[in-house]
Each structure stands twice: as structure tokens, then as C-alpha cells.
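Below is one structure, written out as C-alpha cells, with a few remarks after it.
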Amino acid sequence: MSEPAGPAGRFWSVRRAPAALLAVALLIASGMLLYDIVSVRADRPVAAWRRTLADDLATRRLDDGWVVAGAVAAVALGVWLIALAVSPGMRGLLPMRANADGMRSGIERSAAAVVLRDRAMEVSGVRDVRVLVGRRRVRALAEAHFRELDVVKADLDAVLDHGIRELGLARPPALSVHVRRPARR
């Protein structure tokens, strides 16, 4: 396998829904305000909603429940939007090594788990195996039925380690293998 062509960071999600909702809300609010400002400049009276809003904001105290609730809502929305902006998202997609063309690829965790599970089931003595693929660790929980547990664990370690390397992940996760006997019936 070739060395990585460059750093392969996580994939960023598009987040179209929050961006669209924010854009529509800002478009409506700025459109209403702009319309009212233009109508005032055209010697028409100020809109009733703007006069009511200005009076309410001038007469309400800062410790009023509605003012505090509005401030909390604005802060929560701002923190949520900032968190969306600085986090890459797409945690279920593991980045793979970039090839020489600069083409980026990724594999879903569930697909990597299926590939590694199929590999583990080929090991002699493995009755059942459950593979959990995380960003930093691959955990294999296997049941062995006719071979010694230490031998099955060593074979699973070798097979799964080779399978993880063949996946071509940019940051290969650590491997943790646990083997036990099936429960008696």
C-alpha cells in the first residue's frame, strides 16, 4: 500500500436545513424591516408592529421574563449555529488514505464492521462474532466453540489487524479482541 498523499481529515457535512432555515428567517426579517424603512422614507407612517416593538423594548425591564427568555433563545441559537459551523459532522464516515490523484474516499463504520466481521467468521473455531467500529477503536467480541481461546484470539488478532490495514484508513483504529465460550443452554 502506498503512503498517504496528504492529511485526510474528517468529511464535513453540508448542513443544508439549518442554513436554509436561518436564511429564510433572516430574509423575512430583513425584508419586513427594509419595507418599513422605505415606506417611512416615502412619507408614510411607521408600521404598527415596529412602533409596538420599539415601545415594548423601551418600557420593559431587563429582568422581565420575556426579555430573559428572548435572550436565552438568542444565545442558544447562536451557540448551536457556532457548534454547527466549527464541527465537521459526518462522524459515521471514516476517512481513507488519499491516493495520488488527490481523490478522497471514506467508508461508513457499519460497512467496515461488516467487512471485518466476515473476515473474523473465516477464522476456525469462531462460532459468532460482533464487531463494533469506532473512530479510534475496533472491538471484536467473539464466541469460540471448539478451539482454545488463546489460539482463537491470536488468530483473530492477526486476521483483523490485517483486515484493518487493508481497509486503507487514514488513521487506523486500535484493535481490541475479546473471546469467550458460548453460554451453556
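Below are the figures for this structure:
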{"read-out": "For the stretch 106-153 and the stretch 9-23, distance of Cα centres in Å", "value": "35 Å"}
{"read-out": "Rounded to whole Hz, the Karplus (6.51, -1.76, 1.60) HN-Hα couplings of the stretch 31-37, x for glycine and proline", "value": "x, 5, 5, 5, 4, 5, 5"}
{"read-out": "Cα gyration tensor, the stretch 43-117 - rounded (a/c under 1.5), prolate or oblate", "value": "prolate"}
{"read-out": "Total charge dipole magnitude, the stretch 15-86, about the Cα centre, Cβ charges on Lys, Arg, Asp, Glu only, Debye to nearest 20", "value": "240 debye"}
{"read-out": "Projected-area average for the stretch 62-168 over all orientations - Cα convex hull basis, square nanometres", "value": "11.3 nm²"}
{"read-out": "Cβ-placed point charges (K, R +1; D, E -1), dipole of the chain about Cα centre in debye, nearest 20", "value": "380 debye"}
{"read-out": "Loop sites in the stretch 1-106: trypsin sites (Lys or Arg not before Pro), DSSP, at most 14 other Cβ within 10 Å", "value": "Arg15, Arg60, Arg61, Arg91"}
{"read-out": "For the stretch 15-86: rounded, prolate or oblate by the Cα gyration tensor [a/c cutoff 1.5]", "value": "oblate"}
{"read-out": "For Asp128, residues with placed amide H under 5 Å, excluding near neighbours", "value": "Glu143"}
{"read-out": "Neighbour count of at most 12 Cβ within 10 Å plus DSSP loop: longest chymotrypsin sites (Phe, Trp or Tyr not before Pro)-free window in the chain", "value": "13-145"}
{"read-out": "FRET efficiency, Trp12 to Arg51 (Cβ-Cβ, R0 45 Å, nearest 0.05)", "value": "0.55"}
{"read-out": "With Cα atoms, 0 to 90° folded angle of helix 48-59 axis to the chain main axis", "value": "80 degrees"}
{"read-out": "Cα-based equivalent ellipsoid, the stretch 109-180: semi-axes from gyration tensor eigenvalues, Å", "value": "20, 11, 10"}
{"read-out": "Unit charges on C-beta of K, R, D, E only; dipole of the stretch 109-180, Debye", "value": "480 debye"}
{"read-out": "Amide H contacts under 5 Å for Gly106, placed H, 5+ residues apart", "value": "Met96"}
{"read-out": "Rg over Rh [alpha-carbon atoms, Kirkwood Rh] for the chain", "value": "1.31"}
{"read-out": "Pairwise FRET efficiency - Ile82 versus Ala174, Cβ, R0 = 35 Å, nearest 0.05", "value": "0.65"}
{"read-out": "Trypsin sites (Lys or Arg not before Pro) restricted to DSSP loop in the stretch 128-163 with at most 12 other C-beta within 10 Å", "value": "Arg136"}
{"read-out": "With at most 14 other Cβ atoms within 10 Å, longest stretch of the chain clear of loop GluC sites (Glu not before Pro) (DSSP)", "value": "1-121"}
{"read-out": "Amide H within-cut-off set for Gly134, under 5 Å, with H built and near neighbours excluded", "value": "Arg139"}
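FYI, it's all coordinate maths here, none of it is from the lab. Keep in mind the model is a prediction, meaning the values are calculated, not measured. Note that each Cβ is placed from the backbone with ideal geometry, even for glycine, and that neighbours are counted across all protein chains shown.
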